Amino acid sequence: MTPLSEYLLSLADDRLILGHRLSEWCGHAPILEEDIALSNIALDCIGQATFLYEIAAEAEGNVRTPDRMVYFREAIEYRNLLLVEQPNGDFARTIVRQFLYDAFGISLYDRLQTSSYAPLAAVAQKAHKELRYHFRHSSQWMLRLGDGTDESIQRTQHALNELWQYTDEMFIGGFPAEEVIGSGAAIDPRTLRTGWRNSVDTILSRTALTLPEKDIRMQSGGRNGRHTEHLGHLLTEMQSVARSYPEITW
Amino acid sequence: MSENIAMMEEQFNRRIAEGETIEPNDWMPDKYRSQLKRLISQHAHSEIIGMLPEGNWITRAPSLRRKLALLAKVQDEAGHGHYLYSSAETLGISREEMFGQLHTGKAKYSSIFNYPTLAWADMGMIGWLVDGAAIINQTTMAKCSYGPYSRALLRICKEENFHKKQGMEIIATLIASGEQGKAMVQESFNRFWWPTLMMFGPHDANSPNSPDMMKWKIKLKGNDELRQRFIDMTVEQAQAWGLTVPDPKLRFNEQTRSWETGEIDWNEFNAVISGNGPCNHERLNVRRTAHDQGAWVREAARAYEAKHRRSSETAE
Ligand SMILES: [Fe+2]
Ligand SMILES: [Fe+2]
């Protein structure tokens, strides 16, 4: 693994794990329209992940395939954010998770469109278009839920309070490595914080929701493989067939 | 008055006999309307319940490519359901009402989705057999007399064809990968063969209310004829793959040039359609739970809309 390939892998892992979580809704959503919309977004996420794994594999020198990366890595080898691996919970929690990520992803992939690493810039162009739709979808639901009924406001506020601790991780320094940022291939996540906070504030200001207390302790570690316990269970399920039959080609 | 209705009905029958399609605002006999409501909503329910056995494997699909394809397929089925509920609504029944009928067990849906999916190969088997059988039923029904349903079916069949291809590709890949893969396919075939034959319904002799429906072109072929078409097609494909059809009585009839099977276990069929198949309770519970747990979300969306309709009205 090189610092560049590790960066690409982290981007891919974010998209895969979030897409996987969304796909768990398929057939169980509160409205048929949301079965369709959430599957659509899941498809986008996993599709982007596939492209990102491909270029990560290439950057590694093709020592392993994308499927190998997905199905034969342990939780401690995954590089995704803690936020995206959090369980779906109720619909409010899924929407809050999605909204908090989308507000970050939309500016990340906007900037990545001009990455000096051409394969990544190409993936980012497609991803950014899709993320604009995702952000619109999650923002609209934040408005509906955050300005709907007492119950929806209370559920959404609760989700916001619970997930807030995982937001800081999106913007901390130390990953990706300075050289990957310096070469213009990666975006320094610290530079995305203000824009993200503005997007979040803009939507929340139109709802009855408030941001949690300032002194919440922020969690991080996903970029180094220090995950929450949820990821291991997600992977156990995801990898079970592929690992049970290592001889079979699918 | 009743003379008037008799005249309208005669005219209605003539239009159908001449191959015209009936549109939502046209006059139609009450029984035609109620039969269609039943038919289209049953089909819609089948799409929605049908998401569950395959949805069961989305999180375990063994490669990125398969995961994407399976998720896209199940999403298609949601789209079919959506489209069909809208078709049924043109007859004057709401989606909420149809859900109510499904959740109370009053409405039926395809018996096949009451069987569990136990192995990855089932994802191939469902595409090949279940979508395959659905295509035979639905391409026939696409010639039915009710315009909205006929158009919905044309659109749906295109996607079902794609699903079938995708399923056959899963099977072919598993078989090509060696003994282990082939054994997984055969085991799955053993479980799905008979339930798929049941999808076509009872023998024509035991199939109630067909004559009216034939006249009105909301049933176009007999169950047995469609089932036979499916059997002939599928046995040959199974043989090409080297699979064994799980029916010791299967034999080729040289005179009819067609495959004869043993008798379907109608006790099992009746149990499944009356709500006592292996997964009936499970499937309905899942749908009910999703619906009940989603109630607050739907309420919130309605409340939000109402608030903003009101505020945009006062702003004017
Ligand atoms: Fe379908
Ligand atoms: Fe299908």
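The values are calculated or read from the model by the stated rules, or taken from the named source; none is laboratory data. All of these numbers come straight from a predicted model, not from anything done at the bench. Here the Cβ is made from the backbone with ideal geometry for all residues, glycine too, and neighbour counts use every protein chain on show. Ligands, DNA and RNA are stripped out before the accessible areas are found, and what is left, the full protein with its side chains, is counted by its heavy atoms. Shrake-Rupley method; radii C 1.70, N 1.55, O 1.52, S 1.80 Å.
At-a-glance table
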{"quantity": "Unique match (being buried (at least 20 other Cβ atoms within 10 Å of the Cβ), at the interface with chain B (Cβ under 10 Å from one of its Cβ atoms) and modelled with pLDDT of 95 or more) among A:Tyr53, A:Tyr101", "calculated": "A:Tyr53"}
{"quantity": "Number of positions in the stretch A:216-242 that are surrounded by fewer than 16 Cβ atoms within 10 Å (Cβ to Cβ) and more than 28 Å from A:Pro3 (Cα to Cα)", "calculated": "4"}
{"quantity": "Residue ranges of helices (runs of 4 or more DSSP H) in the stretch A:147-250 with at least 1 members within 27 Å of A:Tyr117 (Cβ to Cβ) and modelled with pLDDT under 95", "calculated": "A:178-182"}
{"quantity": "Among residues of the stretch B:179-221, those that are surrounded by fewer than 14 Cβ atoms within 10 Å (Cβ to Cβ), touching a residue at least 60 places away in the same chain (Cβ under 8 Å) and part of a loop (DSSP other than H, G, I, E, B), counted", "calculated": "1"}
{"quantity": "The stretch A:58-81, subset within 17 Å of B:Lys67 (Cβ to Cβ) and among the aliphatic types (A, V, I, L, M), residue farthest from the other protein chains (Cβ to nearest Cβ)", "calculated": "A:Met69"}
{"quantity": "Pairs with Cβ under 6 Å, 6+ apart, first in the stretch B:228-246 and within 16 Å of B:Gly124 (Cβ to Cβ), second assigned to a loop (DSSP other than H, G, I, E, B) and open to solvent by less than 80 Å² (accessible area, probe 1.4 Å)", "calculated": "B:Ala238/B:Val245"}
{"quantity": "Qualifying residue in the stretch A:123-130 (condition: more than 14 Å from A:Gln48 (Cα to Cα) and open to solvent by 10 Å² or more (accessible area, probe 1.4 Å))", "calculated": "no"}
{"quantity": "Matching residues in the stretch B:136-160 - criterion: being open to solvent by 20 Å² or more (accessible area, probe 1.4 Å) and within 9 Å of ligand 2 (Cβ to nearest atom)", "calculated": "B:Glu159"}
{"quantity": "Boolean, B:Thr256 is more than 22 Å from the chain's Cα centre (by Cα) and open to solvent by 40 Å² or more (accessible area, probe 1.4 Å)", "calculated": "yes"}
{"quantity": "Pairs where the first residue, in the stretch B:63-83, is more than 7 Å from chain A (Cβ to nearest Cβ) and the second is not in a helix (DSSP H, G or I), C-beta under 6 Å, 6+ apart", "calculated": "B:Leu70/B:Ala61"}
{"quantity": "Selection count, the stretch B:292-313, where residues are open to solvent by less than 60 Å² (accessible area, probe 1.4 Å), facing chain A (nearest Cβ under 8 Å) and part of a helix (DSSP H, G or I)", "calculated": "8"}
{"quantity": "Flag if B:Phe189 is more than 12 Å from ligand 1 (Cβ to nearest atom) and over 13 Å from the mean Cα position of the chain (by Cα)", "calculated": "yes"}
{"quantity": "Residue in the stretch A:122-132 that is part of a helix (DSSP H, G or I) and closer than 20 Å to A:Leu82 by Cα present", "calculated": "yes"}
{"quantity": "One residue from B:Ser46, B:Ser87 being more than 13 Å from chain A (Cβ to nearest Cβ), within 17 Å of the chain's Cα centre (by Cα), in contact (Cβ under 8 Å) with a residue 12 or more places away in the chain and more than 16 Å from ligand 2 (Cβ to nearest atom)", "calculated": "B:Ser87"}
{"quantity": "Sole exception among (1) in a helix (DSSP H, G or I); (2) within 14 Å of another protein chain (Cβ to nearest Cβ); (3) not β-branched (Val, Ile, Thr) for A:Gly89, by number", "calculated": "(1)"}
{"quantity": "Hits in the stretch A:7-27 - residues which are over 18 Å from A:Glu85 (Cβ atoms) and either of a type in the set (Lys, Arg) or touching a Lys or Arg at 6+ places or on another chain (Cβ under 9 Å) (or both)", "calculated": "A:Tyr7, A:Gly27"}
{"quantity": "Complete set of residues in the stretch B:49-78 that are among the polar types (S, T, N, Q) and within 12 Å of ligand 2 (Cβ to nearest atom)", "calculated": "B:Gln75"}
{"quantity": "Qualifying positions in the stretch A:131-143 - open to solvent by 60 Å² or more (accessible area, probe 1.4 Å) and closer than 18 Å to B:Ala306 by Cβ", "calculated": "A:Gln140"}
{"quantity": "Restricting the stretch B:265-288 to residues that are in contact with a Pro (Cβ under 9 Å, 6 or more places away or on another chain) and farther than 20 Å from B:Gln101 by Cα, the residue that is surrounded by the most Cβ atoms within 10 Å (Cβ to Cβ)", "calculated": "B:Phe269"}
{"quantity": "Any hit, the stretch A:71-78, residues being assigned to a helix (DSSP H, G or I) and open to solvent by less than 10 Å² (accessible area, probe 1.4 Å)", "calculated": "yes"}
{"quantity": "Selection within the stretch A:104-121 - hydroxyl-bearing (Ser, Thr, Tyr) and open to solvent by 30 Å² or more (accessible area, probe 1.4 Å)", "calculated": "A:Ser107, A:Thr114, A:Ser116, A:Tyr117"}
{"quantity": "Failed item in (1) open to solvent by 20 Å² or more (accessible area, probe 1.4 Å); (2) among the aliphatic types (A, V, I, L, M); (3) in a loop (DSSP other than H, G, I, E, B), with B:Met7 passing the rest", "calculated": "(3)"}
{"quantity": "Among the residues listed as A:Glu169, A:Glu151, A:Glu213, A:Glu179, the single one being touching a residue at least 40 places away in the same chain (Cβ under 8 Å) and open to solvent by 40 Å² or more (accessible area, probe 1.4 Å)", "calculated": "A:Glu179"}
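The rows are residues; the columns are (1) under 27 Å from A:Ile46 (Cβ atoms); (2) buried (at least 21 other Cβ atoms within 10 Å of the Cβ); (3) within 13 Å of ligand 1 (Cβ to nearest atom).
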| position | (1), (2), (3) |
| --- | --- |
| B:Asn25 | no, no, no |
| B:Pro29 | no, no, no |
| B:Ile40 | no, yes, no |
| B:Thr59 | yes, no, no |
| B:Lys67 | yes, yes, no |
| B:Leu70 | yes, yes, no |
| B:Lys73 | yes, yes, yes |
